[in-house]
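Taking it in order: structure first as structure tokens, then the write-up.
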Amino acid sequence: MLSTLARRPLGRVAITRPVLQIIPTRHLNNLPASHTDEGTPKNLKSVAVLGGGITGLSAAWYLSKLAPDVPITLYESSNRLGGWLRTKRVKYDGGSVMFETGPRTLRANSVAAMVTLDMIRQLQLEDQLNIVHKEDPSAKNRFIYYANQLNKVPNSVTGTLLGLLTNPVLKGVLRGVLWEYTREQRPKEAIDESVGSFIARRLNDHVADNLVSSVFHGIYAGDIDKLSARAILPKQWRLEGKYGSITRGLLAKNKEQPFEDTALRFEMQQVEENTNLIKAMQNASVFTFKDGIETLSNALVEDLMNSPMVEIRLNDPVEQLVYNWKDSEYPLAIANHSYSHVISTLFGPITNSMLPKHAQTPELRDVEATNVVVVNLFYKTPNLVPKGFGYLLPKSVPEEANPHRVLGVIFDSLAEGESGTKLTVMMGGHWWSHIHPSKYPNEIELTLMARDTLRMHLGIHEIPVASYCAVNKDCIPQYYMGHEYKMMTVHKSLKRNFHGRVAVAGPTYAGVGVHDCIRSARATIQGWLDNNGEYTGLERQMRDDWVDISKFDMTKEENQPTEEEIKWMDEQRSRK
Ligand SMILES: Cc1cc2nc3c(=O)[nH]c(=O)nc-3n(C[C@H](O)[C@H](O)[C@H](O)COP(=O)(O)OP(=O)(O)OC[C@H]3O[C@@H](n4cnc5c(N)ncnc54)[C@H](O)[C@@H]3O)c2cc1C
């Protein structure tokens, strides 16, 4: 049941803010039991991987490493691999410049990052990395465009204290944090809420509409008044549930993390070969690849091409998946090829449409995604912008100050041999959700709109020597309210209809970043191997077991792993 707050006028932006969503708790039942690691299951005879983006390539790669005898067929509808990972070299009079049309920077410190780093090490790509130190201006200086100026987001205690008093974006933060503990706790039966409503309720509208909405423009190109707090801010959501307030939870030094995160961190730290790379990232903010993000997908492709068990089918879109339950060995068919298992890494609604009618679910069909227009620009003059990561725009900025609905501008770092200023303008997202991409302005017009914005916000009048425009359709799935419960329904449907032979991975489900995609691919393959070939990839979302990470501090004697745990770790390692 959705209820909405009354429309509030806010500059020229009117916001409808859906509040708490109530879903019956019966959806919480039937959580899966954990299984033990028993090696490659006998029924895992041949696997089709759908999609040749980073998730599909990772899934095929993990499978080829962990179960090298299993034949793998990777289907890709286009004529190239890598999906949104796309590095373009654009020529101009006197040189060329490297542009990223999709992802470019990867976070250095997170559990999911450890999985990517482990993959990078195995692919021997360590020397291809550009590691950006936390203190580097390009990491430290992040801006929000608000009140017709760039406002620096503080990155130190002094900066924060000063900013709380002087920075217009931070107005309301101090008041919100100080009084947060006095705010009424959400009703017990509330199981989800929009991010906007959650932040406004716990802190205040100003924090939600300015600080938080801009961050979510940067990650999801999405609307905080639709995105799910439970799915996207699980820690904060949980702290309110447990302590009645986020600040009270933080003051209680709550160190709980999802069990899966804790176990994964532990597993990755146990791989000795990862130690140097994980250490190198400790003081880093993000990392990129010197020759562009495609370095990663290209290395995976190269490895896969060297495996005699892997077949890659380009220009081969999958339209239908047929399931013949009478065939216990190869029950799944794509055109006239049969498989024992299929993993789909395609956008949820596409996956849903290819399933047999009885296995389709409205929950998967109705997942939405935003379109993002990316305009890359290169100027001959260096230092046209302050040193920094770039700036984001909150939803509160009135249309006259952001007429082309720019979500954010990235101040790209220069690749070797480049001299000038490189910028990426991202436009559209949820702001253009009412416009069909076929009705978007053409690429020349979009580029002019990006330049117009840079002129307005940064005073850049120069004509770029090189530019590139990409319209990325349905590129960032949106986790709207109730997302986790909807995915539980999808899990149950896949399990009931295919007994774990059809699995899913990718940004539709639990995290839209590159790290999340790689992690989900690995978890799904590992899930098949550990669960007798029966896994949907959505089991993680069925679990609600958080554990205190201080118990996993290995420097304490009482936390040393037991013999059984050491044996399990050794088995994991010998598989790699
Ligand atoms: C503009 C942009 C910027 C981003 N920035 C960052 C960032 O800085 N950091 C970060 O961590 N993440 C970022 N992301 C998110 C991240 O890049 C994506 O979530 C991730 O690349 C998704 O990979 P994927 O393999 O799951 O999907 P995709 O890349 O979409 O791959 C799916 C593949 O399946 C193919 N396909 C489609 N239909 C079929 C079919 N019927 N049969 C066979 N094949 C099919 C497609 O052609 C495609 O190659 C960004 C995303 C975008 C779009």
Condition check for residue 59: open to solvent by less than 10 Å² (accessible area, probe 1.4 Å) and within 11 Å of the ligand (Cβ to nearest atom): yes
Selection within region 510-527 - in a loop (DSSP other than H, G, I, E, B), open to solvent by 20 Å² or more (accessible area, probe 1.4 Å) and more than 8 Å from the ligand (Cβ to nearest atom): 510
Within region 324-338, considering residues that are in contact with a Lys or Arg (Cβ under 8 Å, 6 or more places away or on another chain) and open to solvent by 50 Å² or more (accessible area, probe 1.4 Å), the one nearest to the ligand (Cβ to nearest atom): 330
Residue in region 442-457 that is at pLDDT 95 or above and assigned to a loop (DSSP other than H, G, I, E, B) present: yes
Members of region 75-87 found to be of a type outside the set (Ser, Thr, Tyr) and either buried (at least 16 other Cβ atoms within 10 Å of the Cβ) or without any contact (Cβ under 8 Å) to a residue 40 or more places away in the chain (or both), listed by number: 76, 81, 82, 83, 84, 85, 86
Qualifying residue in region 293-314 (condition: buried (at least 17 other Cβ atoms within 10 Å of the Cβ), over 27 Å from residue 82 (Cβ atoms) and within 16 Å of the ligand (Cβ to nearest atom)): no
Test: residue in region 295-311 that is over 20 Å from residue 57 (Cα atoms) and either of a type outside the set (Ser, Thr, Tyr) or out of contact with any Asp or Glu (no Cβ under 9 Å at 6 or more places or on another chain) (or both): no
Conditions (1) over 27 Å from residue 103 (Cα atoms); (2) of a type in the set (D, E, K, R); (3) free of Cβ contacts under 8 Å to residues at least 12 places away in the same chain; number of the one not met by residue 279: (1)
Any pair with Cβ under 6 angstrom, 6 or more apart, that starts in region 387-412 at a residue that is open to solvent by 10 Å² or more (accessible area, probe 1.4 Å) and ends at one that is β-branched (Val, Ile, Thr) and part of a loop (DSSP other than H, G, I, E, B): 411/385
Output for region 347-365, where each listed residue is within 25 Å of residue 103 (Cα to Cα), in contact (Cβ under 8 Å) with a residue 40 or more places away in the chain and not aromatic (Phe, Trp, Tyr): 348, 351, 364
Criterion: away from the ligand (no atom under 15 Å from the Cβ), surrounded by 22 or more Cβ atoms within 10 Å (Cβ to Cβ) and in contact (Cβ under 8 Å) with a residue 12 or more places away in the chain - qualifying residue of 90, 70, 97: 97
Positions within region 147-187 being over 27 Å from residue 240 (Cβ atoms), surrounded by 13 or more Cβ atoms within 10 Å (Cβ to Cβ) and either touching a residue at least 12 places away in the same chain (Cβ under 8 Å) or not hydrophobic (A, V, I, L, M, F, W, C) (or both), in sequence order: 147, 150, 151, 152, 159, 168
Counted residues, region 498-509 - those being open to solvent by 10 Å² or more (accessible area, probe 1.4 Å) and farther than 29 Å from residue 227 by Cα: 2
Hits in region 386-407 (condition: touching a Gly at 6+ places or on another chain (Cβ under 7 Å) and outside any loop (DSSP other than H, G, I, E, B)): 390, 391, 392, 407
Every residue from region 304-326 that is in a loop (DSSP other than H, G, I, E, B), charged (D, E, K, R) and modelled with pLDDT of 95 or more: 316, 319
Positions within region 433-465 being in contact with a helix residue (DSSP H, G or I) (Cβ under 7 Å, 6 or more places away or on another chain) and open to solvent by 70 Å² or more (accessible area, probe 1.4 Å), in sequence order: 461
Any helices (runs of 4 or more DSSP H) falling wholly within region 189-289 and containing at least 2 residues that are at negative phi and touching a Ser or Thr at 6+ places or on another chain (Cβ under 8 Å): 195-202, 213-220
Candidates 486, 492, 422, 473, filtered to the one that is outside any loop (DSSP other than H, G, I, E, B) and within 14 Å of the ligand (Cβ to nearest atom): 473
Options 219, 199, 224, 191: the member that is open to solvent by less than 30 Å² (accessible area, probe 1.4 Å) and within 17 Å of the chain's Cα centre (by Cα): 224
Residue within region 536-544 that is in a loop (DSSP other than H, G, I, E, B) and closer than 20 Å to residue 330 by Cβ present: yes
Out of 134, 65, sole residue that is open to solvent by 10 Å² or more (accessible area, probe 1.4 Å) and more than 26 Å from residue 344 (Cα to Cα): 134
Options 52, 39: the member that is near the ligand (Cβ under 8 Å from one of its atoms) and either of a type in the set (Gly, Ala, Ser) or at pLDDT below 95 (or both): 52
Filter pass, residue 430 being assigned to a helix (DSSP H, G or I), open to solvent by 20 Å² or more (accessible area, probe 1.4 Å) and within 15 Å of the ligand (Cβ to nearest atom): yes
Residue within region 346-364 that is under 30 Å from residue 196 (Cα atoms), in a loop (DSSP other than H, G, I, E, B) and within 11 Å of the ligand (Cβ to nearest atom) present: yes
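The values are calculated or read from the model by the stated rules, or taken from the named source; none is laboratory data. Computed from a predicted model, the values in this text were never measured in an experiment. Virtual Cβ from ideal backbone geometry, glycine too; neighbours counted across all protein chains shown. In case anyone asks, the SASA skips ligands and DNA or RNA and just uses the protein heavy atoms, side chains included. Shrake-Rupley method; radii C 1.70, N 1.55, O 1.52, S 1.80 Å.
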